[in-house]
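J.: Before anything else, here's the structure in question.
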Amino acid sequence: MAEQQSQLPVALITGAGRGIGRAVALALAHAGYALCLAARTSEQLAETRTISGLEPRLSLIVLIDLAQPEAPENLFTALMDHFGRLDVLINNAGFAPPRTTLVKISEEDQDRMVSVNLRAPIALARMAAAQMAQQPEGGIIINIASSSARNAPSGESIYAATKAGLVAFTRSCAAEFRHYRVRTSVILPGLTDTSFIPQNKRLERTAMLQPADIAAAVMGVVNSPRHMCPVEVVVEPARDPMRSGR
């Protein structure tokens, strides 16, 4: 039984401690959502909660490493125990090591990318859809992929494959879950100015997307009319951030 039955709609955001995840969490809080904030770093999650202005009963913090097989179920159980419902799931957490050729990438990094970028979102979407199907108003699942799913740059073979898999998974779920009033979307951001992108003299960071831009795309999906589902949303910088591309 839920400890704190929220009168507000509830959103779960993975990777909510910084970057895109934090920006999305703040946008949802501003829109009147209670939040479940999940990530590996307690200090970052606490800062996200503080900035959101939500009191603890409306902003559950769950420390979790989604590379662990049991993590998605543990996270979802904590959410349901606290709130008793879920209206929006944002699968944002991701992992990518520095660009490495396939023959040199470690098995540990390979397994972590597959687990965090694909296995965990699939598990959370499955549990979320089952719960949302029981709610009269259904729910929304949004997966954050990457332009790498389409561009497949050299040195990102496994990362690109996991993100492409997330796109295909979303498109299938959009068709499958519509029968349960669950809308499923995937957002493919281009280069975004977060700590995920290392400093590079060839990049003009002021031309890159900002986390708030991706949050705006997320809210566009969340606020879309119930009779439509923006299944795949591509967001790219208006100017090419690569200095050599001028």
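The values are calculated or read from the model by the stated rules, or taken from the named source; none is laboratory data. The model shown is predicted, which means the values in this text are computed figures rather than measured ones. Please note: Cβ atoms are built from the backbone with ideal geometry, for glycine as well, and neighbour counts cover all protein chains shown. SASA here: full protein model, heavy atoms, side chains in, ligands and nucleic acids out. Shrake-Rupley method; radii C 1.70, N 1.55, O 1.52, S 1.80 Å.
J.: Does ILE158 meet the test of being among the aliphatic types (A, V, I, L, M) and farther than 26 Å from PRO241 by Cα?
T.: no
J.: Here is a list of conditions, (1) open to solvent by 20 Å² or more (accessible area, probe 1.4 Å); (2) within 16 Å of PHE95 (Cα to Cα); (3) in a loop (DSSP other than H, G, I, E, B), and ALA16 meets all of them except one; can you say which number that is?
T.: All conditions are met except number (1).
J.: May I pose another question? Of everything in segment 42-86 that's over 26 Å from ALA96 (Cβ atoms) and without any contact (Cβ under 8 Å) to a residue 12 or more places away in the chain, which residue is surrounded by the most Cβ atoms within 10 Å (Cβ to Cβ)?
T.: THR77
J.: Within the set of pairs 6 or more residues apart or between chains, which connect a residue that is open to solvent by 50 Å² or more (accessible area, probe 1.4 Å) inside segment 89-107 to a residue that is of a type in the set (Val, Ile, Thr) and not in a loop (DSSP other than H, G, I, E, B) with Cβ atoms less than 8 Å apart?
T.: Listed pairs, sorted by first residue: LEU102/ILE158.
J.: Just to verify a result, which residue in segment 187-241, among those that are outside any loop (DSSP other than H, G, I, E, B), of a type in the set (A, V, I, L, M, F, W, C) and open to solvent by 50 Å² or more (accessible area, probe 1.4 Å), is nearest to ARG18 (Cα to Cα)?
T.: The selected residue is ALA212.
J.: Also: Name the helices (runs of 4 or more DSSP H) wholly inside segment 33-122 in which the number of residues that are at pLDDT 95 or above, hydroxyl-bearing (Ser, Thr, Tyr) and touching a helix residue (DSSP H, G or I) at 6+ places or on another chain (Cβ under 7 Å) is 2 or more.
T.: Numbers: elements: 42-52, 71-83, 107-114.
Fully inside segment 33-122 and qualifying: 42-52.
J.: So, one more: Only one of (1) out of contact with any strand residue (DSSP E or B) (no Cβ under 6 Å at 6 or more places or on another chain); (2) farther than 27 Å from LEU209 by Cβ is not met by ILE51, so which one is it?
T.: Result: ILE51 fails condition (2) only.
J.: Being in a loop (DSSP other than H, G, I, E, B) and modelled with pLDDT under 90 is the requirement here; does PRO136 meet it?
T.: The answer is no for PRO136.
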